[in-house]
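Let me begin by presenting the structure, written as structure tokens, before commenting on it.
The values are calculated or read from the model by the stated rules, or taken from the named source; none is laboratory data. All figures in this text were calculated on a predicted structure; none of them were measured in a lab. Cβ atoms come from the backbone with ideal geometry, glycine included; neighbour counts cover every protein chain shown.
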Amino acid sequence: MREIALVTGSSRGIGAKIAEELAKMGCDIAINYNKNRDKAETLAKYIKDTYNVQCLTYKCNVSIKSEVEKMHSEIVRDIGEVTILINNAGIAQQKLFTDITEEDWDNMFDINVKSAYLCTKSVLPNMIKVHRGTIVNIASMWGEVGASCEVHYSASKAALIGFTKALAKEVGLSNIRVNCVSPGVIDTDMNQDFSEEDMQALCEDIPLNNIGSADDIAQTVAFLVSEKAKYITGQIISVNGGMII
Ligand code: NAI
């Protein structure tokens, strides 16, 4: 059956790897980007040429309702109805709790949580109508265990975990599966501000003793959207090298 996947925030990092992995499985791909059009288009061309699937790019700030609605109708027009949604777009910020402003808080929740609500709301009616679909939310281990100096980030990712568990219960009867991947420390631009020493210190807290790759997350997402995972829903799959601190 033809699958059409929308991966939010997929011009780089984990999202880009997920887009490639889903294309490898034969899915047509909608790449969403907010700012980096060149990167998104280069990736789309590579995916199209390499995997012989449709792959188009869509500029959209996924925290803004009108932009999400516009992106969704363009994807339906250009490729077709979305059958796989990966809510990957996100931001992080390190700050003492007492320094977090109301604007920081709202921005964190708009991009990390409201975006999942808006994107899911746009694709769910058709998934319910056709009685199939899969959604994967990218949370974080900090949403499970909490991170000092990242209270708003941790709280937003914990919200995504609750979103996943609740929605899975609501739409299971419609044959729609909703799961969450909860990465540990992954080597992407999100961690570019950490020094070599910080990364080394983090490694020491990881039982497998290395930083994860975007591919580690993409492989897990690919499994979760595949038929191999057809009895898995409402789960939080931690991909963190065993790190629980
Ligand atoms: P990244 O910073 O490379 O990628 C995030 C992507 O989201 C970027 O392409 C960015 O442009 C996009 N984005 C941000 N705001 C957006 C908006 N308003 N509209 C559309 N796109 C937007 O970082 P990475 O690591 O690839 O992050 C992907 C996801 O994985 C995020 O949700 C992040 O919280 C999560 N994660 C990452 C970890 C890591 O160690 N790298 C650990 C745990 C979770």
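Details
- Looking across the stretch 187-245, the residues that are among the polar types (S, T, N, Q) and either modelled with pLDDT under 95 or more than 30 Å from Gly172 (Cβ to Cβ) (or both) come down to Thr188, Asn191, Gln192, Ser195, Gln200, Asn209, Asn210, Ser213.
- The lone exception for Glu74 - which of (1) surrounded by 17 or more Cβ atoms within 10 Å (Cβ to Cβ); (2) more than 11 Å from the ligand (Cβ to nearest atom); (3) acidic (Asp, Glu) it fails: (1)
- Unique match (being in contact with a helix residue (DSSP H, G or I) (Cβ under 9 Å, 6 or more places away or on another chain) and at positive phi) among His131, His72: His131
- Just one of the numbered conditions (1) near the ligand (Cβ under 10 Å from one of its atoms); (2) touching a Lys or Arg at 6+ places or on another chain (Cβ under 6 Å) is not true of Cys55: (1).
- Residue within the stretch 205-221 that is touching a Lys or Arg at 6+ places or on another chain (Cβ under 8 Å), within 9 Å of the ligand (Cβ to nearest atom) and within 21 Å of Ile161 (Cα to Cα) present: yes
- Odd one out for Ser148 among (1) within 15 Å of the chain's Cα centre (by Cα); (2) without any contact (Cβ under 8 Å) to a residue 60 or more places away in the chain: (1)
- Scanning the stretch 23-43 for residues being within 25 Å of Leu124 (Cβ to Cβ) and either acidic (Asp, Glu) or within 15 Å of the ligand (Cβ to nearest atom) (or both) gives a total of 8.
- The residue that is surrounded by the fewest Cβ atoms within 10 Å (Cβ to Cβ), counting only those in the stretch 191-211 that are among the polar types (S, T, N, Q) and more than 15 Å from Ala92 (Cβ to Cβ), is Ser195.
- Counting only residues that are out of contact with any Cys (no Cβ under 7 Å at 6 or more places or on another chain), closer than 23 Å to Leu224 by Cβ and of a type outside the set (D, E, K, R), the stretch 59-90 holds 10 of them.
- Look at (1) surrounded by 12 or more Cβ atoms within 10 Å (Cβ to Cβ); (2) over 18 Å from the mean Cα position of the chain (by Cα) and you find that Ile237 fails only one, number (2).
- The stretch 138-151, subset part of a loop (DSSP other than H, G, I, E, B) and among the small types (Gly, Ala, Ser), residue farthest from the ligand (Cβ to nearest atom): Ser148
- Qualifying positions in the stretch 116-163 - surrounded by 21 or more Cβ atoms within 10 Å (Cβ to Cβ) and among the aromatic types (Phe, Trp, Tyr): Trp142, Tyr153
- Residue check, Ile135 within 15 Å of the ligand (Cβ to nearest atom), modelled with pLDDT of 95 or more and under 27 Å from Cys60 (Cα atoms): yes
- The residue list Lys39, Lys95 contains one member that is under 30 Å from Ala155 (Cβ atoms) and over 20 Å from the mean Cα position of the chain (by Cα), which is Lys95.
- Residue in the stretch 183-201 that is farthest from Ser238 (Cα to Cα), counting only those that are without any contact (Cβ under 8 Å) to a residue 40 or more places away in the chain and of a type outside the set (D, E, K, R): Ser195
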